[in-house]
Amino acid sequence: MDLSKVKAVVTGGASGLGEATVRRIVKSGGKVAIFDLNADRAKKLIDELGKESIIYIETDVTNGSQVEQSIDKAVEQLGGINLVVNCAGIGTPGKVLSKGTPIALDQFEKVIKVNLVGSFNVIRVAASAMQKNKPNEKGERGVIVSTASVAAYEGQIGQAAYSASKGGVVSMTLPIARELARDGIRVMAIAPGLMETPMVEGLPDSAIASLSAAVPFPQRLGKPDEFAQLVESIVTNPMLNGETIRLDGAIRMQPK
Ligand SMILES: NC(=O)c1ccc[n+]([C@@H]2O[C@H](COP(=O)([O-])OP(=O)(O)OC[C@H]3O[C@@H](n4cnc5c(N)ncnc54)[C@H](O)[C@@H]3O)[C@@H](O)[C@H]2O)c1
């Protein structure tokens, strides 16, 4: 598949890595439905890139029935979907104990719910829609790419929930790829290191400088379009399936 033929759902497409993916797909001639909660940012993007290629469907990825309705809308308005890129996510940190007091359980649950359950929720509904696609000349009906993180492997102090959520994304990629293989649907994940998005840009300059210095090469934060470029490689390379690819300049995160 190439990006010009893509009819994509990009969750979290109003910002950061999702936004870069939307930009790349639209520039290549594909069509996108953004599932996000940030209507203002999505509308700005649509004003900039044009209504012909992008629609915004306000969707909380954690909500089962909302995602079902939104996928139906996307299928109707784009004429089907053959790509999902799961980028919606939150990074709320929290130590297990803070001055001896345990973290509130719902803080842990919220991160798991958005990052892991939300990704699965969109996959389960999108896979059902993709199953109905006519296969292309390579037998493909669709591609699903989720966003993990290097924190799935080297979580830092305060990242128990985030690391667990991203570890879940890594772990579910192979069993879902195995199951959907019979339908010609490939399932991949990307584990970014430190990327230059609003999630990280809010940090002080000194923190960004020390984070950049920790990347062996190139010694800088990753650019959102480098994530989108990897999404494109995954879409166009039919042998990539059931795997998580690190995109991190060889960084290995330290305990803190
Ligand atoms: N930026 C990094 O360094 C980095 C590194 C590794 C992994 N990641 C992962 O990449 C993904 C994208 O991160 P980003 O840096 O672009 O973040 P971002 O904050 O710029 O974008 C995330 C988007 O997700 C949306 N969102 C949040 N909760 C949602 C929900 N319940 N339903 C629908 N949309 C929701 C937000 O509105 C936002 O537009 C996340 O999963 C993040 O964990 C980011």
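What follows is calculated from the coordinates using simple rules that are stated; it is not laboratory data. The structure presented is a predicted model; accordingly, all values stated were derived computationally and were not measured. As a convention, Cβ positions derive from the backbone with ideal geometry for all residues, glycine included, and neighbour counts pool all protein chains shown.
If you take the beta carbon distance between residue 77 and residue 124 as r and set R0 to 25 Å, what does 1/(1 + (r/R0)^6) give as a FRET efficiency, to the nearest 0.05?
Working: r = 21 Å, r/R0 = 0.82.
Plugging the Cβ-Cβ distance into 1/(1 + (r/R0)^6) gives 0.75.
Neighbour counts of other C-beta atoms within 10 Å: give me 230, 17 arranged from fewest to most. Numbers along the way, then the final one.
On the way: 230 20, 17 30.
If I rank by nearby Cβ atoms, fewest first, I get 230, 17.
Using the crude model of +1 on Lys and Arg Cβ and -1 on Asp and Glu Cβ, and no other charge, please compute the dipole size for the chain relative to its Cα centre, in debye to 20. Don't skip to the end; give the middle numbers.
Values: 29 positive and 27 negative charges, 74 e Å.
Approximately 360 debye in magnitude.
Roughly how many Å is it from the Cα centre of region 206-234 to that of region 134-162, as a whole number?
Measuring centre to centre over Cα atoms gives 17 Å.
Apply 1/(1 + (r/R0)^6) to the Cβ-Cβ distance of residue 96 and residue 203, taking R0 = 25 Å, and write down the FRET efficiency to the nearest 0.05. Don't skip to the end; give the middle numbers.
Values: r = 22 Å, r/R0 = 0.90.
The computed FRET efficiency comes out at 0.65.
Using a 10 angstrom cutoff on alpha carbons, build the Gaussian network for the chain and name the most mobile of 215, 22, 187.
215
Going down the table (27/256; 44/256; 44/73), which pairs top 29 Å between alpha carbons?
Numbers: 27/256 39 Å; 44/256 36 Å; 44/73 21 Å.
Checking Cα-Cα distances, 27/256; 44/256 exceed 29 Å.
For a footprinting-style exposure proxy, rank 113, 51 by other Cβ within 10 Å, fewest first.
Numbers: 113 18, 51 9.
So the ranking, lowest neighbour count to highest, is 51, 113.
Name all residues of region 215-256 having a backbone nitrogen under 15 Å from the label point set 7 Å from the Cα of residue 156 along its Cα→Cβ direction, giving them as ranges.
215-216, 220-222, 251-256
Let's test the formula: R0 of 22 Å, r as the Cβ-Cβ distance of residue 112 and residue 256. What FRET efficiency results, to the nearest 0.05? Write down the numbers at each step before the final one.
Details: r = 22 Å, r/R0 = 0.99.
With R0 = 22 Å, the Cβ-Cβ based efficiency is 0.50.
Which of 56, 153 has the fewest other C-beta atoms within 10 Å, and how do the rest follow up to the most? Present the calculation step by step, with values, prior to reporting the outcome.
Details: 56 20, 153 17.
Ordered from fewest to most neighbouring Cβ atoms within 10 Å, 56, 153 come out as 153, 56.
Quick one: work out Rg over Rh on the C-alpha atoms of the chain, Rh as Kirkwood radius.
Details: Rg = 17.7 Å, Rh = 18.4 Å.
Reported Rg/Rh (Cα atoms, Kirkwood Rh): 0.96.
Could you give the length gained by full extension between residue 60 and residue 220, i.e. 0.36 nm per residue of separation minus their alpha carbon distance, to one decimal place?
54.4 nm
Take residue 213 and residue 134, extend 7 Å from each Cα along the Cα→Cβ direction, and tell me the distance between the two endpoints in nm.
Once both label points are built, they end up 5.9 nm from each other.
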